[in-house]
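In what follows, a structure is listed as structure tokens, so that the remarks can point back to it.
A short reminder: the numbers here are calculations on the coordinates, not readings from a lab. Not measured: the values here are computed from a predicted model. Methodologically, a virtual Cβ is constructed for each residue, glycine included, from the backbone with ideal geometry; neighbour enumeration extends over all protein chains shown.
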Amino acid sequence: MSDVLAITEHRRGELRDVSYELVSAGRELADDLGGDLHLAVISGQVEEFAGSLSREGVDTIHTVSEGEEFNHDIYTQVTERLADELDPSVILMANTVNGLDYGPAVATRLGRPLVTDVIGASFDGETLTATREMYGSKVETRVEVGSEEVAVTIRPGEWPEANGNGNPEITEFDAAIDESAVRSTVTGFEEVGGGDVDISDAEVLVSVGRGIDEEENIELVEELAKALGATLSASRPIVDNGWLPKNRQVGQSGKSVTPEVYIAIGISGAVQHVAGMKGAETIVAINDDPNAPIYDIADYGIVDDLFDVVPALIAEFE
């Protein structure tokens, strides 16, 4: 028993980015343990998903053709049966709405300790050291778990997405689902909270903060987003003021995003906001305060009045 079993995620016919992050995190832990990395693909277009997940470092992919979308009862049963079959040291899941739905049930059924919202993890012998954040991401803590069997959920955006083509064994797993224990049914999918866009899927985000001063000034940032073909997002004060809907919020109490480019306009860089966007590939900050914390993580910074900088950028990109 030294293997890792990672449960991948998909929604409405598309793999979630966190599935590829689970591959990276799972491979690291499997290397620490000297074992193999197994992936589970449950429901939906399992063969297509398995092909996309055939990345370097994956040893085996187990497919289970049960249903189309996430279902608590099915995911719980399948994960439990796979764990009984493979006896992995680690069951790895995403710290998402889905993962936090079935993860505790799996851990309880299998009698495993559950460590949630992990941003770093490694093994020293049989001891897992998991890094978590507390007090609004102001403090990092390390939790040591001495159990030989553990369940872990990882925070999206904390590991790089796995790349490189692999050649894993792909096998169909017979989960022998107990239909009488499936007490819920997925009847549809509805975005909540003004679901006009999913900022977590955007490649380029232009994000606005309290430095914009007035609601009507947001139109200026919207123009820049349009010129760049980007998606508009915001920090918490903008959402709290009711200037943009909740689904546009980036941060610990909003969404975690990992775009290729993140442009922070008038955002100071409080730890709660940074926790949701520090995984961006390139971060550009525009703020007139040279001591703003956002510059600690920015790749490029413009220390100037945003009302001078943004119009100039719009003119350049148009």
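Provide the per-residue ³J(HN,Hα) series for the stretch 262-269, in order, calculated from phi with Karplus coefficients 6.51, -1.76, 1.60 and θ = phi - 60°, each as a whole number of Hz, with x at glycine and proline positions.
The phi angles translate into 10, 9, 9, 10, x, 10, 6, x Hz.
Give me ASP59, ASP101 ranked fewest to most by other Cβ atoms within 10 Å of their Cβ, as a rough exposure proxy.
Values: ASP59 18, ASP101 15.
Listing ASP59, ASP101 from fewest to most nearby Cβ atoms yields ASP101, ASP59.
Where in the stretch 140-218 are there GluC sites (Glu not before Pro) that are in a DSSP coil and have at most 10 other Cβ atoms within 10 angstrom of their Cβ?
Working: sites: GLU140, GLU144, GLU148, GLU149, GLU158, GLU161, GLU169, GLU172, GLU179, GLU190, GLU191, GLU203, GLU214, GLU215, GLU216; in loops: GLU148, GLU149, GLU158, GLU161, GLU190, GLU191, GLU203, GLU214.
Sites meeting the loop and neighbour criteria: GLU190, GLU191, GLU214.
Counting Lys and Arg as +1 and Asp and Glu as -1, what is the net charge of the other residues whose Cβ lies under 11 Å from the Cβ of VAL182?
Values: positive: ARG183; negative: GLU66, ASP73, ASP178, GLU179.
Net charge around VAL182: -3.
Using the alpha-carbon centroid of each, what span in Å lies between the stretch 294-313 and the stretch 222-266?
Using only Cα atoms, the two centres lie 15 Å from each other.
Mind sorting TYR262, TYR20, TYR135 by how few other Cβ atoms lie within 10 Å of their own Cβ, fewest first? The partial results should precede the final answer.
Details: TYR262 29, TYR20 18, TYR135 8.
Ordered from fewest to most neighbouring Cβ atoms within 10 Å, TYR262, TYR20, TYR135 come out as TYR135, TYR20, TYR262.
Rounded to the nearest 5, what % of the DSSP beta bridges within the chain are antiparallel ones? Before the final figure, lay out the partial values.
On the way: 15 of 58 bridges.
Around 25 percent antiparallel, to the nearest 5.
In the P(r) worked out for the stretch 4-181, what percent of Cα pairs fall beyond 24 Å?
Details: 4684 of 15753 pairs.
So the pairs more than 24 Å apart make up 30 percent of the total in the stretch 4-181.
Can you list, bin by bin at 5 Å, the percent of alpha carbon pairs in the stretch 116-233, starting at 0?
Reading upward from the zero bin: 2, 7, 9, 9, 11, 15, 15, 14, 8, 5, 4, 1.
Relative to the longest principal Cα axis of the chain, at what angle does helix 72-86 sit, 0 to 90 degrees, rounded to 10?
The answer is roughly 50 degrees.
Applying the Karplus parametrisation 6.51 cos²θ - 1.76 cosθ + 1.60 with θ = phi - 60° to the phi angles of the stretch 142-158, what ³J(HN,Hα) value in whole Hz is obtained for each residue in order, glycine and proline being reported as x?
Ordered by residue, 3J(HN,Hα) equals 10, 10, 9, 10, x, 5, 6, 10, 9, 10, 9, 10, 9, 6, x, x, 9 Hz.
What residues have an amide H closer than 5 Å to that of THR282, excluding those fewer than 5 places away on the same chain, when H is modeled at 1.01 Å from N in the peptide plane?
VAL261, TYR262
Could you tell me the relative contact order of the stretch 199-317? Use alpha-carbon pairs under 8 Å, at least six residues apart, and round to a whole percent.
Numbers: 256 pairs, mean separation 30.2, N = 119.
Averaging sequence separation for qualifying contacts and normalising by length gives 25 percent for the stretch 199-317.
Zone of SER122 (label point 7 Å along Cα→Cβ, backbone N under 18 Å): which residues in the stretch 21-41?
Taking a point 7 Å out along Cα→Cβ of SER122, the residues of the stretch 21-41 whose backbone N falls under 18 Å are 24-35.
For the stretch 199-317, state the average projected area of the convex hull of the C-alpha atoms over all orientations, rounded to one decimal in nm². Walk me through the numbers before you get to the answer.
Working: hull surface 24.4 nm².
Mean projected area of the Cα convex hull: 6.1 nm².
List every residue whose amide H lies under 5 Å from the amide H of GLY301, counting only residues 5 or more places away in sequence or on a different chain, with H placed 1.01 Å from N in the peptide plane.
ALA285
In whole Hz and in residue order, list the ³J(HN,Hα) couplings for the stretch 101-108 that follow from phi through the Karplus curve 6.51 cos²θ - 1.76 cosθ + 1.60, θ = phi - 60°; x for Gly and Pro.
So the J values, rounded to whole Hz, are 7, 9, x, x, 5, 4, 4, 5.
Going by amide H atoms built from the backbone, whose H comes under 5 Å of the H on ALA6, apart from near neighbours?
Residues meeting the criterion, in which the H sits 1.01 Å from N, are HIS38, LEU39, ALA40, LEU92.
For the chain, what does the helix formula give at 222 nm: sum of -39500 (n - 2.57) over DSSP H segments with n ≥ 4, over the residue count, nearest 500 deg cm²/dmol?
Working: 8 runs with 83 residues, N = 318.
Roughly -8000 deg cm²/dmol at 222 nm, from the helical runs in the chain.
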